[in-house]
Amino acid sequence: MDLNGQVTTTVANGIARVTFFHPQSNSLPGNLLRKLAEEITAAGNNPEAKVIILQSEGEKAFCAGASFDELISIKDLATGKTFFSGFAGVINAMRKAPKFVIARVQGKAVGGGVGLACAADYTIGTESASVKLSELAVGIGPFVVGPAVERKIGTSAFTNLAINASEWRDAQWAKQHGLYTDIYSSVSELDAAVNALAERLASSNPEAMMMLKKIFWQGTDHWDTLLTERAEMSGKLVLSDFTVNAINKFKAK
């Protein structure tokens, strides 16, 4: 187990599995986010891979968002913009991959983790996979992941999550609003469903899937620029006295 976290990819039988891990509830520092984006892009370009599964290790948390330790170390706008661009890079890599991305959400998703779940083309979770957009609770906002979340679940549900930043929404709520296609009572059942779908897609027409992917994501070509602009908004806010105080209070809990 790598205490600094890791991202690994395996390709077998037409299925690329991109797996991330960090000991702090699968929170992701900048270096792992960059690696994750690179691995998703590589899987998309690999002719041996017909479909991509995005997953994390462990059972309690799918992804707890960005690294809190890295967040509290930001002291200038450039560093803040770079930090918040991390999830932008992963979301755009998922969006631009010419293959379907299946997200296997086996546990709770927070902040950027919700963004990853929403940026996948098909997302399956467990009954314990609650979601929360916690950014406003520390004085920021879900600016970078917002476009992916809103596209997936609609403006009303996105507003609900963004405003109620300290409240969890359970997996049933997420399914009702289209974030999860299906939810299962156990990780073993989740894995069976994910594997069955991936195997079907691996034997489907790659050209047809690529064309469908383009149609699904039509109208998002500007996201490279948009998400970078959103990262700058968060980078500016994280330097404010309000946010610094909110983060310190959160850290002291």
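Can you tell me how many residues within region 90-109 are of a type outside the set (G, A, S) and assigned to a loop (DSSP other than H, G, I, E, B)? Spell out how you get there, then give the answer.
Here is the first cut: in region 90-109, the ones of a type outside the set (G, A, S) are 90-92, 94-96, 98-102, 104-106, 108.
So of that shortlist, the ones also assigned to a loop (DSSP other than H, G, I, E, B) come out as 98-100, 106.
Selection size over region 90-109: 4.
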Number of the exception - K81 against (1) modelled with pLDDT of 95 or more; (2) under 25 Å from R151 (Cα atoms); (3) not β-branched (V, I, T): (1)
Filtered residues of region 215-243 (kept if in a helix (DSSP H, G or I), without any contact (Cβ under 8 Å) to a residue 12 or more places away in the chain and either closer than 28 Å to L197 by Cα or not acidic (D, E) (or both)): I215, T225
Failed condition for K152, given (1) of a type outside the set (V, I, T); (2) under 16 Å from the mean Cα position of the chain (by Cα); (3) assigned to a helix (DSSP H, G or I); (4) more than 30 Å from V238 (Cα to Cα): (4)
Residues of region 182-192 that turn out to be surrounded by 18 or more Cβ atoms within 10 Å (Cβ to Cβ) and closer than 18 Å to A16 by Cα, as a count: 1
Search result, residues across region 95-139 that are closer than 25 Å to Q218 by Cα and among the acidic types (D, E): D121
Selected residue (only one of D241, D191, D182, D224 is modelled with pLDDT of 95 or more and out of contact with any helix residue (DSSP H, G or I) (no Cβ under 8 Å at 6 or more places or on another chain)): D191
Any hit, region 107-117, residues being surrounded by 23 or more Cβ atoms within 10 Å (Cβ to Cβ) and without any contact (Cβ under 8 Å) to a residue 40 or more places away in the chain: yes
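Listed here are the residues, each with its yes/no results for (1) more than 30 Å from L77 (Cβ to Cβ); (2) hydrophobic (A, V, I, L, M, F, W, C); (3) surrounded by fewer than 13 Cβ atoms within 10 Å (Cβ to Cβ); (4) in contact with an Asp or Glu (Cβ under 9 Å, 6 or more places away or on another chain).
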site: N195; (1), (2), (3), (4): yes, no, no, no
site: E207; (1), (2), (3), (4): yes, no, yes, no
site: N245; (1), (2), (3), (4): no, no, yes, no
site: F250; (1), (2), (3), (4): no, yes, no, no
Residue count, region 156-195 (criterion: in a helix (DSSP H, G or I) and among the acidic types (D, E)): 2
Qualifying residue in region 197-215 (condition: within 20 Å of the chain's Cα centre (by Cα) and farther than 21 Å from I52 by Cα): no
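The values are calculated or read from the model by the stated rules, or taken from the named source; none is laboratory data. These numbers come from a predicted model, not from an experiment. Neighbour counts are summed over all protein chains in view; Cβ atoms, including those assigned to glycine, are modelled from backbone coordinates with ideal geometry.
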